[in-house]
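Read through the structure below, which is laid out as structure tokens, and then see the notes.
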Amino acid sequence: MDKIIIEGGKPLKGEVRISGSKNATLPVLAATLLTDETCILSNVPRLLDTNTMVKLLKSLGKDVDWDKDKLIIMSNGKANPVADYKLVSTMRGSICVLGPLLAKLGEAKVSLPGGCVIGVRPVDLHIKGVEALGAKVDIDAGYIIAKTKRLQGNRVYLGGASGPSVLGTANIMMAAALAEGETIIECAACEPEVEELANFLNEMGARIKGHGGPRIVIHGVKKLHGAEYKMSADRIEAGTFVLLAGMAKSDIIIRDFDYHQLTALDDILKKVGVQVLVERNSVRIKAPKVLRPVSVTTYPYPGFPTDIQAQYMAMMSLSNGVSVVRDTVFPDRFMHIAELNRMGARIRREGGSAIIEGVKGLCGAPVVASDLRASAALVMAGLVARGRTEIRRVYHLDRGYENIDKKLMALGASIKREKE
Ligand code: EPZ
């Protein structure tokens with residue numbers, strides 16, 4: 001396993017290009033299971049998670065080849081409805097092959113995804129959705145086993161205790177694309193990644209409307225054809241760099257993404273005092289002398305994203321007052337608190353909230369990454385801390401950030417990767 005060593009305090013200056021979106025790419029890759037024709041995706045990020053999904057597609061009857069940042073996905077005639085435990089347990093996002101396998105093959109056997117450090121990851125809404133479309137579902141030996149002659153369109157409410165489900169909406173939208181008749185998803189997730197998936201499905205010949213909003217209407221079709229598609233930029237990677245630029249001594253231009261997908265963050269940054277100059281498809285960030293403390297609660301899109309909660313907490317640990325961060329999507333997503341406190345932050349947890357008392361500065365320390373976004377928060381803290389930070393288990397970081405050490409080095413950071 002690798003570790004990352006950072007000498008903090010270096011000024012960061014220059015340009016960084018945002019890679020393709022991990023959370024849009026995973027369901028779009030799953031959607032290629034809905035056709036036997038060739039699909040070509042470009043601007044695909046090379047990540048541990050995209051590699052895992054490629055391995056899964058290969059086990060399900062696809063030949064997949066990389067051609068620079070392009071993925072060419074073809075059918076090899078050996079369609080297989082079983083997504084095995086080894087692969088699904090390493091990446092929760094694999095659950096989104098359930099809908100396409102069921103719709104294309106009439107059956108799916110998908111391992112229940114493991115939980116992870118950000119909390120219990122139920123799939124009751126995924127099951128409720130496919131059952132609403134007429135599938136018979138059993139749970140046996142850690143697998144979801146779903147069968148159907150042909151899925152029937154239906155109206156289904158997909159809101160759970162914590163609001164809509166992103167991959168739940170993705171699964172049902174993909175299943176409904178080949179169902180008989182019309183499906184209406186109420187309380188659908190509005191995330192840009194869901195919208196992107198619907199755009200890709202429509203490129204394949206699906207008939208989907210209302211995506212990006214809470215009510216999606218899908219008219220099932222008999223067959224879907226192959227498609228070529230360019231993945232959009234990763235709004236969470238972009239938000240991570242925007243927050244880093246706002247808390248470091250920096251003058252950074254962040255390129256090739258749509259800042260309007262981060263309006264909740266922009267609203268908060270204005271109150272914190274971070275200046276964001278928006279150009280066409282890039283932003284220029286100037287860090288303020290003082291970061292004002294601003295409390296935040298995460299909500300499903302268009303609310304403040306849970307996926308930048310840890311990174312925001314790193315910024316607030318340097319504010320000149322007290323702020324509160326509450327996560328309503330994943331109330332247990334606070335593994336980063338203990339590690340940030342090892343670096344001199346003053347954060348304490350109270351239930352689903354974290355109380356952050358800003359400090360003058362952080363100090364480098366040996367820390368351990370626990371999950372994807374927590375590890376990004378530790379890298380940000382290490383870049384602004386005094387002295388040396390050593391972050392172990394950086395495979396968490398590599399799951400969702402393409403070449404982040406190289407991108408940071410290009411901005412002037414003192415950062416290197418070593419074998420643990
Ligand atoms: C997606 O996960 C993202 N992952 C997550 O990003 C992101 O944090 C999450 O959406 C919320 O925005 C991918 O897209 C691969 P959910 P997903 O179903 O779809 C509850 C990252 O860092 N729920 O929208 O699995 C659930 O417990 C990752 O890139 C049910 O109750 O999340 C949570 O409280 C981490 N029943 C809430 O809904 C269900 O059947 C939102 O979860 C499903 C979910």
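The values are calculated or read from the model by the stated rules, or taken from the named source; none is laboratory data. These numbers come from a predicted model, not from an experiment. Cβ coordinates were reconstructed from backbone atoms using ideal geometry, including for glycine residues, and neighbour counts include every protein chain displayed. Ligands, DNA and RNA are excluded from the accessible area calculation, which covers all protein heavy atoms including side chains. Shrake-Rupley method; radii C 1.70, N 1.55, O 1.52, S 1.80 Å.
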Go through A310, A287 for me and flag whichever is under 11 Å from M247 (Cα atoms) and open to solvent by less than 70 Å² (accessible area, probe 1.4 Å). A287
Residues that are in contact with a helix residue (DSSP H, G or I) (Cβ under 9 Å, 6 or more places away or on another chain) and closer than 24 Å to L291 by Cβ, drawn from the stretch 381-396: A381, L383, V384, R388, T389, I391
When the stretch 114-147 is examined, which residues are found to be on the phi < 0 side of the Ramachandran plot, open to solvent by less than 20 Å² (accessible area, probe 1.4 Å) and not hydrophobic (A, V, I, L, M, F, W, C)? H126, G129
Please verify whether L167 is hydrophobic (A, V, I, L, M, F, W, C) and either open to solvent by less than 10 Å² (accessible area, probe 1.4 Å) or more than 16 Å from the ligand (Cβ to nearest atom) (or both), treating the condition exactly as stated. no
Those residues of the stretch 1-34 which are part of a loop (DSSP other than H, G, I, E, B) and either of a type in the set (K, R) or touching a helix residue (DSSP H, G or I) at 6+ places or on another chain (Cβ under 8 Å) (or both) amount to M1, G8, G9, K10, I18, S19, S21
Does the stretch 54-63 contain at least one residue that is in the same structural domain as G205 (by TED's automatic domain parsing), under 17 Å from the mean Cα position of the chain (by Cα) and not aromatic (F, W, Y)? yes
If D234 satisfies all but one of (1) open to solvent by 20 Å² or more (accessible area, probe 1.4 Å); (2) within 16 Å of the ligand (Cβ to nearest atom), what's the number of the condition it fails? (1)
Give the stretch 334-352 a look and list any residue that's open to solvent by less than 50 Å² (accessible area, probe 1.4 Å), within 29 Å of G160 (Cβ to Cβ) and at pLDDT 95 or above, or say none. F334, H336, I337, I347
Expected single match for touching a residue at least 12 places away in the same chain (Cβ under 8 Å), surrounded by fewer than 18 Cβ atoms within 10 Å (Cβ to Cβ) and not in a helix (DSSP H, G or I) among E390, E402 is E390
Go through the residues of the stretch 185-198 one by one and say whether even a single one is acidic (D, E), assigned to a helix (DSSP H, G or I) and either surrounded by fewer than 24 Cβ atoms within 10 Å (Cβ to Cβ) or in the same structural domain as A264 (by TED's automatic domain parsing) (or both). yes
Name the strands (runs of 3 or more DSSP E) wholly within the stretch 245-327 that hold at least 3 residues that are over 18 Å from I404 (Cα atoms) and of a type in the set (A, V, I, L, M)? 275-278, 322-327
Mind checking which residues of the stretch 41-66 are open to solvent by 40 Å² or more (accessible area, probe 1.4 Å) and aliphatic (A, V, I, L, M)? L48
Members of the stretch 5-40 that are aliphatic (A, V, I, L, M) and over 18 Å from the mean Cα position of the chain (by Cα): I5, I6, L12, V16, L33, L34, I40
Consider V166 carefully, then state whether it is out of contact with any strand residue (DSSP E or B) (no Cβ under 7 Å at 6 or more places or on another chain) and more than 17 Å from P27 (Cα to Cα). no
Between residues in the stretch 191-216 that are among the basic types (K, R) and residues that are assigned to a loop (DSSP other than H, G, I, E, B), which pairs lie under 7 Å by C-beta distance while being six or more apart or on different chains? R207/V221; R215/A188
Candidate set from the stretch 83-139 (those that are more than 16 Å from the ligand (Cβ to nearest atom) and assigned to a loop (DSSP other than H, G, I, E, B)); member that is farthest from A175 (Cα to Cα): D84
